[in-house]
Amino acid sequence: MVASDMLHSNNNTHVPPPDHPVINPKNYDDLLTVVSAIRAQVDVPLEAEIGIICGSGLGVIGDQVENPIVIPYSKIPGFPVTNVPGHKGNLLFGTIAGKKVVCMQGRFHPYEHQMNTALCALPVRVMHQFGIKTMIVSNAAGGINKNFQYGDLMLIKDHIFLPGLAGHSPLIGLKDPRYGRLFTSLHDAYNKDLRNLAIAVANAKKMRLFEGVFVMSGGPQYESPAEVNMFKTVGADALGMSTCHEVIVARQCGITCLGFSLITNIANLNVENSVEVSHAEVLETAKEAGERASSFVCDIIANM
Ligand SMILES: O=P(O)(O)O[C@@H]1C[C@H](O)[C@@H](CO)O1
């Protein structure tokens with residue numbers, strides 16, 4: 001199947017009913033309604049200390065959750081539903097290495113139908129309501145740094161949030177004080193202690209691991225060579241279409257964050273080269289590297 005067909009097929013496990021409502025992410029009472037709807041799905045109390053977001057093709061990280069309670073997004077009134085291949089669309093509650101986790105097996109992107117950055121980041125607020133103090137966020141990304149190879153992992157040490165700089169911050173227009181500080185600081189957004197822990201874990205596993213700056217573009221088109229060159233010039237090492245708005249909301253909620261990119265393709269800097277990126281290629285690399293990425297996440301959690 002070619003990539004363009006994949007993007008219009010629904011390979012997700014769950015299809016929502018046609019009248020599936022989606023909440024207003026800037027209404028705090030709507031958020032509480034979604035949280036109650038999730039609690040109503042099961043007859044055990046749900047809580048978690050660590051939240052995990054799986055990037056494209058990285059749902060395998062969610063397969064590490066022990067004794068999972070699986071709640072499809074389509075079964076949660078008010079919760080968005082994703083149609084992007086490689087994103088299963090399940091919220092999982094369970095444990096990894098004895099720690100209580102909640103895992104988003106599939107995320108939302110601003111380029112999806114009727115999406116915006118605030119709605120994409122709504123699940124972070126939901127996970128916060130279930131008690132998370134730490135969030136591990138992953139994504140598939142194109143490598144800009146010349147040292148990167150397919151399948152490399154890059155810890156995110158900082159980000160450039162292009163849609164946010166252009167007026168699409170998930171915090172815009174929030175007026176309910178229960179959301180927290182509007183003027184959220186992004187100092188240490190990708191926590192230094194957690195990054196040091198991740199580096200120690202990678203060293204113990206003898207894994208290649210880089211640190212770098214992640215840039216988020218709006219997508220869904222992949223970047224032109226001139227755009228890739230611009231991102232390189234401003235100091236970006238990897239580029240993708242997610243993550244920054246989730247981390248910003250997490251920081252507003254006081255959640256400590258660790259982020260990493262799986263380099264699924266090498267971004268093309270030369271307009272004379274004929275290099276076509278496809279989502280199929282992204283998923284293929286993620287499939288090859290998925291086990292390594294999930295074992296990395298489990299070991300980090302075990303050592304937290
Ligand atoms: O969910 P992530 O950010 O991992 O997905 C990446 C960015 C685009 O959604 C898609 C491009 O192939 O993969």
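The values are calculated or read from the model by the stated rules, or taken from the named source; none is laboratory data. Everything numeric here is computed off the predicted structure, so don't read it as measured data. As a convention, Cβ positions derive from the backbone with ideal geometry for all residues, glycine included, and neighbour counts pool all protein chains shown. Protein only, heavy atoms only, side chains kept; ligands, DNA and RNA dropped before computing areas. Shrake-Rupley method; radii C 1.70, N 1.55, O 1.52, S 1.80 Å.
For (1) of a type in the set (Gly, Ala, Ser); (2) in contact with a Lys or Arg (Cβ under 6 Å, 6 or more places away or on another chain), each residue gets a yes or a no:
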position: ILE23; (1), (2): no, no
position: ASN27; (1), (2): no, no
position: VAL35; (1), (2): no, no
position: VAL44; (1), (2): no, no
position: ALA48; (1), (2): yes, yes
position: ILE53; (1), (2): no, yes
position: ILE61; (1), (2): no, no
position: GLN64; (1), (2): no, no
position: ASN67; (1), (2): no, no
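Could you look through segment 259-286, keep only residues that are in a helix (DSSP H, G or I) and among the β-branched types (Val, Ile, Thr), and pick out the one that is nearest to the ligand (Cβ to nearest atom)? Lay out the reasoning, then the answer.
The initial filter retains those residues of segment 259-286 that are in a helix (DSSP H, G or I), namely 279-286.
Add one more test, that the residue is among the β-branched types (Val, Ile, Thr), and what stays is 282, 285.
Numbers: VAL282: 4, THR285: 10 Å.
Within segment 259-286, the match that is nearest to the ligand (Cβ to nearest atom) is VAL282.
Counting just the residues of segment 159-189 that are of a type in the set (A, V, I, L, M, F, W, C), part of a loop (DSSP other than H, G, I, E, B) and in contact with a Ser or Thr (Cβ under 9 Å, 6 or more places away or on another chain), which one comes out least open to solvent (accessible area, probe 1.4 Å)?
It comes out as LEU171.
Looking at this structure, is ILE144 farther than 18 Å from VAL35 by Cα, open to solvent by less than 10 Å² (accessible area, probe 1.4 Å) and more than 15 Å from the ligand (Cβ to nearest atom)?
On the way: farther than 18 Å from VAL35 by Cα: yes; open to solvent by less than 10 Å² (accessible area, probe 1.4 Å): yes; more than 15 Å from the ligand (Cβ to nearest atom): no.
Criteria not met by ILE144.
Within segment 224-258, can you find the residues that are assigned to a loop (DSSP other than H, G, I, E, B) and buried (at least 17 other Cβ atoms within 10 Å of the Cβ)? Reasoning before the result, please.
At the first step, the residues of segment 224-258 found to be assigned to a loop (DSSP other than H, G, I, E, B) are 224, 234-237, 241-243, 253-255.
Those that are assigned to a loop (DSSP other than H, G, I, E, B) and buried (at least 17 other Cβ atoms within 10 Å of the Cβ): ALA236, ASP237, MET241, SER242, THR243, CYS253, ILE255.
Can you confirm whether SER261 is open to solvent by less than 20 Å² (accessible area, probe 1.4 Å), more than 16 Å from ILE160 (Cβ to Cβ), of a type in the set (S, T, N, Q) and within 15 Å of the chain's Cα centre (by Cα)? Spell out how you get there, then give the answer.
Values: open to solvent by less than 20 Å² (accessible area, probe 1.4 Å): yes; more than 16 Å from ILE160 (Cβ to Cβ): no; of a type in the set (S, T, N, Q): yes; within 15 Å of the chain's Cα centre (by Cα): yes.
Considered against the rule, which asks whether it is open to solvent by less than 20 Å² (accessible area, probe 1.4 Å), more than 16 Å from ILE160 (Cβ to Cβ), of a type in the set (S, T, N, Q) and within 15 Å of the chain's Cα centre (by Cα), SER261 comes out as no.
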For ILE132: the one exception among (1) open to solvent by 20 Å² or more (accessible area, probe 1.4 Å); (2) more than 20 Å from ARG208 (Cβ to Cβ): (1)
Looking only at segment 94-119, and only at residues there that are within 13 Å of the ligand (Cβ to nearest atom) and assigned to a strand (DSSP E or B), the one that is surrounded by the fewest Cβ atoms within 10 Å (Cβ to Cβ): GLN105
Any hit, segment 190-202, residues being touching a residue at least 60 places away in the same chain (Cβ under 8 Å), part of a strand (DSSP E or B) and within 16 Å of the chain's Cα centre (by Cα): yes
Qualifying residue in segment 54-73 (condition: open to solvent by less than 30 Å² (accessible area, probe 1.4 Å), under 23 Å from ASP30 (Cβ atoms), within 16 Å of the ligand (Cβ to nearest atom) and touching a residue at least 60 places away in the same chain (Cβ under 8 Å)): no
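Please work out if ALA226 is within 21 Å of GLN64 (Cβ to Cβ) and either of a type in the set (Phe, Trp, Tyr) or out of contact with any helix residue (DSSP H, G or I) (no Cβ under 6 Å at 6 or more places or on another chain) (or both).
On the way: within 21 Å of GLN64 (Cβ to Cβ): no; either of a type in the set (Phe, Trp, Tyr) or out of contact with any helix residue (DSSP H, G or I) (no Cβ under 6 Å at 6 or more places or on another chain) (or both): yes.
Criteria not met by ALA226.
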Residue list for segment 123-141, restricted to those being within 16 Å of the ligand (Cβ to nearest atom), touching a helix residue (DSSP H, G or I) at 6+ places or on another chain (Cβ under 7 Å) and outside any strand (DSSP E or B): VAL124
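For segment 113-168, name all the residues that are among the acidic types (Asp, Glu) and without any contact (Cβ under 8 Å) to a residue 60 or more places away in the chain.
Of everything in segment 113-168, just one residue is among the acidic types (Asp, Glu) and without any contact (Cβ under 8 Å) to a residue 60 or more places away in the chain, namely ASP158.
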